[in-house]
Amino acid sequence: MPKLWTATIDAHRAAVRDAALNAMGELVAEHGLVALTMSQIAEKAGIGRATLYKYFPDAQAVLAAWHERQITAHLDQLTTAVNPAAPAVARLQAVLHTYAQIQHHSARHHGGELATPLHRSGHVDHARQRLHNFVEALITEAVHAGDVRDDVAADELAAYCLHALTAAGSVTGQDAVHRLVAVILTGLTASRPSLSAS
């Protein structure tokens with residue numbers, strides 16, 4: 001098969017898939033997860049239902065693929081938030097702020113209903129591990145630079161940051177999001193607490 005023809009078919013397949021995923025995102029934003037059907041997705045995407053079935057077996061598969069694309073976009077957003085020339089602590093701060101914004105935005109637009117059915121899938125576990133490793137590496141660099149406390153393992157500090165930042169999904173307003181990130185950064189940079197105080 002000629003290369004041009006193969007590229008055209010591949011581009012067409014990618015366009016159909018993207019249209020289906022975009023349609024799913026719009027439907028979730030408009031209606032939530034209540035009884036979304038392949039007919040609704042096909043109509044919103046502007047493609048035939050039979051065509052949609054060539055790409056996805058059911059609406060749940062479209063939803064999972066859409067969610068995986070969202071997570072990948074968020075991870076890419078975190079990566080681009082980092083200025084490689086900046087000090088480690090500045091890069092860490094940028095990532096924490098960006099992740100807080102993602103949490104805040106996602107909760108406003110998708111609500112908690114997506115968490116249960118989607119956050120159990122394998123792509124989510126892989127993304128969580130990738131995110132954890134990314135934050136842990138930044139913390140390790142900041143520890144070596146003397147900007148982050150060294151009395152707690154970087155792995156534990158990364159878990160603390162990511163867990164605490166989920167609270168950004170439940171706060172109202174940007175000021176609250178910024179305060180949350182400031183509290184987390186204070187916890188990361190605080191000196192070792194005195195054990196004699198009681």
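Within the set Ala73, Ala50, Ala61, Ala35, the sole residue that is within 30 Å of Ile184 (Cα to Cα) and either part of a loop (DSSP other than H, G, I, E, B) or without any contact (Cβ under 8 Å) to a residue 12 or more places away in the chain (or both) turns out to be Ala73. A count restricted to segment 65-89 and to residues that are over 17 Å from the mean Cα position of the chain (by Cα) and surrounded by 14 or more Cβ atoms within 10 Å (Cβ to Cβ) stands at 2.
Picking from residues in segment 139-149 that are in a loop (DSSP other than H, G, I, E, B) and aliphatic (A, V, I, L, M), the one that is surrounded by the fewest Cβ atoms within 10 Å (Cβ to Cβ) is Ala145.
Against the test of being among the β-branched types (Val, Ile, Thr) and assigned to a helix (DSSP H, G or I), the options Val183, Val152 yield a single qualifying residue, Val183. Taking segment 90-106 as the range and being of a type in the set (Gly, Ala, Ser) and crowded, with 21+ Cβ neighbours inside 10 Å as the test, only Ala100 passes. With respect to Glu136, determine if the residue is surrounded by 12 or more Cβ atoms within 10 Å (Cβ to Cβ), at pLDDT 95 or above and either farther than 22 Å from Ala81 by Cβ or within 19 Å of the chain's Cα centre (by Cα) (or both). Considered against the rule, which asks whether it is surrounded by 12 or more Cβ atoms within 10 Å (Cβ to Cβ), at pLDDT 95 or above and either farther than 22 Å from Ala81 by Cβ or within 19 Å of the chain's Cα centre (by Cα) (or both), Glu136 comes out as yes.
So Ala42 fits all but one of (1) surrounded by 17 or more Cβ atoms within 10 Å (Cβ to Cβ); (2) small (Gly, Ala, Ser); (3) closer than 22 Å to His126 by Cα; what number is the exception? Every listed condition holds for Ala42 apart from (3).
The values are calculated or read from the model by the stated rules, or taken from the named source; none is laboratory data. Given the structure is predicted, the values throughout are model-derived calculations rather than measurements. We place every Cβ from the backbone using ideal geometry, glycine too, and count neighbours over all the protein chains shown.
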